[in-house]
Amino acid sequence: MRISRRAVATAAVFATVLPLSACGGGSGTGSSDASGKVEGKITFQTWNLQANFKDYFNGVIADFEKKYPGTDVKWVDRPGEGYADKISADAAGGTLPDVVNVSPDLVAPLAKAGIALDLDKAAAKYRDEYLPGAWQSHQIPGTEGTFAFPWYLNTGPMFYNKRLLKDAGLDPQKPPSTYDEVFSDGRKLAGKSKGKVAALANVPTIEDFGRYGGQLMNKEGTGFAFNDAKGVELLTRYKELYDVKGLDAQALTATPESSGHKFLTESVAMNPGSALDLANFKKQAPSLYKNIGITDQVSNTGKANMYVMGIMVNAQTKRQPAAVAFAHYMTDATRQMEFAKKVAIFPSTAGTLDDPYFTKEDGTDETRVRVAAAKSLKTAVNYTPVLFSEQMKTELRNQIAKALQGKQSPKEALDNAVKACDRLLQQS
């Protein structure tokens, strides 16, 4: 069994925190009985966390062992290089740890192989402790069950330039919240500036198709569906925006870094970001900083996109009660709140985002973004299909570029992208 390596997040803050992905070792019965006595030795494995969070994790482990006398948690932390290959090798060799830190894309093949424990059967009593969207993020299309406890989340608000909106005759206190408004405002921005100011600097991603309201994958998990009527409509509108210079001319080859630079130099009016970006704006572009607006991600569904990490239990562990108890303990509200105060992430536990830490601003850049992001995460979902690989992202981007350049129609582009992604899905 092979697991393709994928980026665990695209949000800037998320990328700086992690990747907290996982690798693993342990073998056992594969039963779904977590109701027995919590005891024995288990192994918990993370990726590249020990350098920055050693004291935190050692403290959590010590507290767990105190709560459950007779338990012994061995923490193993691996370097980032080759972590996905390591998971594959350990899974194939029966040496995966008892408890494993994973992202949804990494848990998918383990679930299909019967190696990831189904928590809907083994730990359903804990489900309501987590945000619904977070719990669902480790579910696999075509496979019944939930295969990891949700751990920490992240998202990013949309930054916008109040001055540029005002110069285009738009209300800087009412930034666009839907795609209709983005495309309408984009035309005005480009027209008033004679093509010098664009609304956006990025082509649509799979998350955009989800936030637009389209279907991304069939319910069976056997094929992609982002070439539906909604998908074609979205890409058609991006093409129209591109033609009037409301989409930056370099969007076809843009990276998050280059898009951020466009926003920094005030040639683009809107850009997703994080608290780290605000600090950079303040230092590098004071004139931009004083005109910064912060709003929710653009969405037709009313729900933002979330990035999520999880903690999986090896279905073959010989110490299932202890493994489930520890995975739950690591991801419960108390531990998640502690971790969120050490690094720029958000808890996945229900109610935790109502804590004043996530609702009260104190005038700093950090809290401005934290409060905005926490609010959106309460109802956010992970739009990226867990089976959507990096290769698939490249195929979609390449076909979108051809459509924007007029080399093929939006319908042809998405049909071709779906065919290519379905082919890759069958090969995985």
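Overall, the accessible surface of region 104-225 at a probe of 1.4 angstrom is composed of carbon and sulfur to the extent of 46 percent. Our Cα-only numbers for region 267-350 put the radius of gyration and Dmax at 19.1, 60 Å.
Sequence-distant contacts, meaning Cα pairs under 8 Å at least 6 residues apart, place the relative contact order of the chain at 25 percent. To the nearest 10, the accessible area of residue 261 is 110 Å² with a 1.4 Å probe.
Evaluate the charge dipole of region 286-428 about its Cα centre and quote only its size in Debye, nearest 20, assuming +1 on the Cβ of each Lys and Arg and -1 on the Cβ of each Asp and Glu. Before the final figure, lay out the partial values.
Details: 19 positive and 14 negative charges, 59 e Å.
About 280 debye.
Shown here is the pair-distance distribution of region 319-423: with all Cα-Cα distances grouped in 5 Å bins from zero up to the longest one, the shares run 2, 11, 14, 12, 10, 10, 10, 12, 11, 6, 2, 0 percent. Can you give me the pair-distance distribution of the chain, C-alpha pairs, 10 Å bins, whole percents? Percent of pairs per bin, in order: 5, 21, 30, 24, 14, 5, 1, 0.
Accessible surface calculations at 1.4 Å, restricted to protein heavy atoms, place region 219-346 at 41 Å² per residue. One quarter of the convex hull surface built on the alpha carbon atoms of region 167-214 amounts to 3.6 nm², the projected area averaged over directions. Only alpha carbons enter this Debye calculation for region 124-204, each as an equal point scatterer, and the log10 of I(q)/I(0) it gives at q = 0.12, 0.15, 0.18 Å⁻¹ is -0.57, -0.67, -0.76. A simple rule links phi to the HN-Hα coupling: the Karplus curve 6.51 cos²θ - 1.76 cosθ + 1.60 with θ = phi - 60°, which for region 378-395 gives 4, 10, 5, 9, 8, 6, 5, x, 5, 9, 8, 8, 4, 4, 5, 4, 5, 4 Hz, with x for Gly and Pro. Given a cut-off of 15 Å, what percent of all Cα-Cα pairs of region 386-428 lie beyond it? Every Cα pair in region 386-428 considered, those over 15 Å come to 37 percent. Assuming a ≥ b ≥ c are the square roots of the Cα gyration tensor eigenvalues, decide whether region 265-313 counts as rounded (a/c under 1.5), prolate (otherwise, with a/b larger than b/c) or oblate. The shape class here is oblate. In summary, the lysines within cross-link reach of residue 342, defined as a Cα separation below 18 angstrom excluding same-chain residues under 8 places away, comprise 54, 360. Taking the accessible area of region 241-371, probe 1.4 Å, and keeping the other protein chains in place, the carbon and sulfur fraction comes to 49%. Each stretch of four or more DSSP H residues adds -39500 (n - 2.57); spread over every residue of the chain, this sum gives -13000 deg cm²/dmol at 222 nm.
Run a plain Debye calculation on region 350-393 (Cα atoms as equal point scatterers, no solvent) and give log10 I(q)/I(0) at q = 0.18 Å⁻¹, rounded to two decimals, same order as the q list. With no solvent term, the Cα-only Debye profile gives -0.62. Taking trypsin sites (Lys or Arg not before Pro) across region 168-252, the ones in a DSSP loop with at most 12 further Cβ atoms lying within 10 angstrom of their Cβ are 194, 196, 219. Of the cross-linked pairs 219/378; 245/393; 192/290; 37/121; 196/262; 166/262, those separated by over 20 Å at the C-alpha level are 219/378; 245/393; 192/290.
Think of the chain as a dipole: +1 on every Lys or Arg Cβ, -1 on every Asp or Glu Cβ, centred on the Cα centre; then among 99, 400, 117, 400 lies furthest on the positive end. When the Cα positions of 203, 301, 285 are compared along the charge dipole of region 200-316, 285 comes out farthest toward the positive end, with charges on each C-beta of Lys, Arg, Asp and Glu.
The values are calculated or read from the model by the stated rules, or taken from the named source; none is laboratory data. Since the model is a prediction, treat every value here as computed from it, not as a measurement. Positions of Cβ are generated from backbone atoms using ideal geometry, with glycine treated the same way; all protein chains shown enter the neighbour counts. The area values use the complete protein model at the heavy-atom level, side chains included, leaving out ligands, DNA and RNA. Shrake-Rupley method; radii C 1.70, N 1.55, O 1.52, S 1.80 Å.
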